[in-house]
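What follows is a short report on a single structure.
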Amino acid sequence: MTRKINIFDTTLRDGEQSPGASMNTEEKLIIARQLIRMNVDVIEAGFPISSPGDFKSVEEIGRIAGDACTVCGLTRAVDKDIEVAAEALRTAKRPRIHTGLGVSPSHLRDKLHLTEDEAIERAVRAVKLARNFVDDVEFYAEDAGRADQDFLVRIVEAAVKAGATVVNIPDTTGYNLPWAFGARIADLRERVDGIEDVTISVHTHNDLGMATALAIEAVRNGATQVECTINGLGERAGNTALEEVVMAIRMHGEELDAHTDIVTQELTRASKLVSSITGMTVQANKAIVGANAFAHSSGIHQDGVLKARDTYEIIDPADVGAGGSQIILTARSGHAALRHRMGELGFTFTDEEFEDIYQAFLEVADKKKEVYDEDLESIVHERERVSTAVWNLDAVQVSCGFPLTPTATITLTNMGGETFTACAYGTGPIDAAYKAVDQIVAVANDLAEFSVKAVTRGIDALGEVTVRVTAENGEVYIGRGSDGDIIVSSTKAYLNALNRLISDQAR
Ligand SMILES: [Zn+2]
């Protein structure tokens, strides 16, 4: 049997730190359910002291995870951080506190103002305090990739002695070449007393496009946990992409003496889900999960793949769940069929909720005949957006064309049940609709980005619109909406972003 490599997913913590990718608790729970279905070993659910939202997410994810995986909360090596994380993790059956501090010369000197000995003292204190609350404590040596190796050996050894069960060696800035990083891991294994009793984890970034290579080289040199995110989401150039690491280990398990327990057939779905929730699109030529990852357009390649798939394809698309959904529902699919498929997709509803969902499904099925899994997910997410909204869309009507002046009439209802109607003209129908919304909602903002994509194939596909608006204080809010009519989905998306802005700024 090869070594088991633990997959530590930090989409909800490091991934969420991507500019504009912030998620609310409900959205994090949707992703967490998918991570559980995919069988990740650890979910890093947030940084509890950083905000009430992060605290709540860690708490809620701890509640749904049960025995399925470890739930981890991030802290600095600060007492209060650790106490708050422990509090948030009380719901988790398998809680882990992730604590540590910067260890490179620039972190010690410029950020923390600590000598090496003081840093070691702080690390030991943090690990010991965390161990008072939980049995599973991961110590991170931030910016280990640029640390003095002798000092790294000393601080890691001190953390292990203090009770750390996992030591995380991050290349925080994505600076290393793979073999240099691998050599650091090999050196730690050789020189750190007690290292054989703990898990060595690596956390790498993609600044030089080598995050996956760094992680794999670390695995080859003895690391048995990899920290990564779906789609490589994360600050700057992002984190190591989970799907890449998992598939590289799967392709080369024997050589690496390694395997993971990830259900690879769920990778594509996880990728789409994270992209749709964060509004961060995946580049078409992205490894494993890009839209073109299994597309062959050159005639020679197509011919080759048709004769024998492995001529030009190293991965069977079915192994990563690509190639479209197999199950198609229609308007004739009854309650039982819909409920069954929704269950398989991981959604459960009360009878009352389900009736709503069924009506929405019928509307979509009437319009587009064939309903795919992606459509079902869209229906559920649309309903979630509506149920938490400050303002809901009752009606939108536009007139446009050449040489008409595009105009829009919008009717909205607020939480108190009051209804308002406004009319505006603009440079196009969407601009007109947004101006009419602005007249009613009246909250200052800038529309920073607008993008539209089809949820599934075909001209009758649901259109999903993502917008980003910037509030007066500079905060960015994402909004999404889906509908068969692009004007309707655009208006829903804008309203969704404004709803988030309003509820966030009210807190
Ligand atoms: Zn990071």
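The values are calculated or read from the model by the stated rules, or taken from the named source; none is laboratory data. In this text the structure is predicted, and so the values were computed from the model without any measurement. All Cβ positions, even for glycine, are placed from backbone atoms using ideal geometry, and neighbour counts span all protein chains on display.
Side notes on the structure shown:
- Restricting segment 110-130 to residues that are modelled with pLDDT under 95 and farther than 14 Å from Phe151 by Cβ, the residue that is nearest to the chain's Cα centre (by Cα): Lys111
- Among the residues of this structure, Pro105 counts as one that is surrounded by fewer than 16 Cβ atoms within 10 Å (Cβ to Cβ), in the same structural domain as Asp79 (by TED's automatic domain parsing) and not charged (D, E, K, R).
- Here segment 170-222 is the region considered, the condition is being within 14 Å of the ligand (Cβ to nearest atom) and part of a helix (DSSP H, G or I), and the residue that is farthest from Thr10 (Cα to Cα) is Leu214.
- Within segment 1-45, tally of residues that are over 19 Å from Tyr477 (Cβ atoms) and within 16 Å of the ligand (Cβ to nearest atom): 11
- Every test in (1) surrounded by fewer than 24 Cβ atoms within 10 Å (Cβ to Cβ); (2) of a type outside the set (Val, Ile, Thr); (3) without any contact (Cβ under 8 Å) to a residue 40 or more places away in the chain is passed by Gly73 save one, and that test is (1).
Here is a yes/no grid of residues against (1) closer than 28 Å to Thr2 by Cα; (2) crowded, with 18+ Cβ neighbours inside 10 Å:
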| position | (1), (2) |
| --- | --- |
| Glu243 | yes, yes |
| Arg269 | yes, yes |
| Ser275 | no, yes |
| Gln283 | no, no |
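- Close Cβ contacts (under 7 Å, 6 or more residues apart or on different chains) running from residues in segment 80-99 that are modelled with pLDDT of 95 or more and in a helix (DSSP H, G or I) to residues that are buried (at least 19 other Cβ atoms within 10 Å of the Cβ) and of a type in the set (Asp, Glu) comprise Ala88/Glu59; Thr91/Glu59.
- Subset of segment 237-249 [in contact with a strand residue (DSSP E or B) (Cβ under 9 Å, 6 or more places away or on another chain), outside any strand (DSSP E or B) and in contact (Cβ under 8 Å) with a residue 40 or more places away in the chain]: Ala237, Gly238, Leu242, Glu243, Glu244, Val245, Val246, Ile249
- Condition met for Glu235 (out of contact with any Phe, Trp or Tyr (no Cβ under 7 Å at 6 or more places or on another chain) and more than 16 Å from the ligand (Cβ to nearest atom)): no
- The strands (runs of 3 or more DSSP E) found wholly in segment 418-507 and carrying at least 3 residues that are buried (at least 19 other Cβ atoms within 10 Å of the Cβ), small (Gly, Ala, Ser) and in contact with a helix residue (DSSP H, G or I) (Cβ under 6 Å, 6 or more places away or on another chain) occupy 476-483.
- Selection count, segment 31-60, where residues are at negative phi and in contact with a strand residue (DSSP E or B) (Cβ under 7 Å, 6 or more places away or on another chain): 13
- Residue count for segment 331-360, restricted to those that are out of contact with any strand residue (DSSP E or B) (no Cβ under 7 Å at 6 or more places or on another chain) and either part of a helix (DSSP H, G or I) or of a type in the set (Val, Ile, Thr) (or both): 19.
- Considering segment 401-417, the residues that are surrounded by fewer than 13 Cβ atoms within 10 Å (Cβ to Cβ) and not aliphatic (A, V, I, L, M) include one that is nearest to Ile487 (Cα to Cα), namely Gly401.
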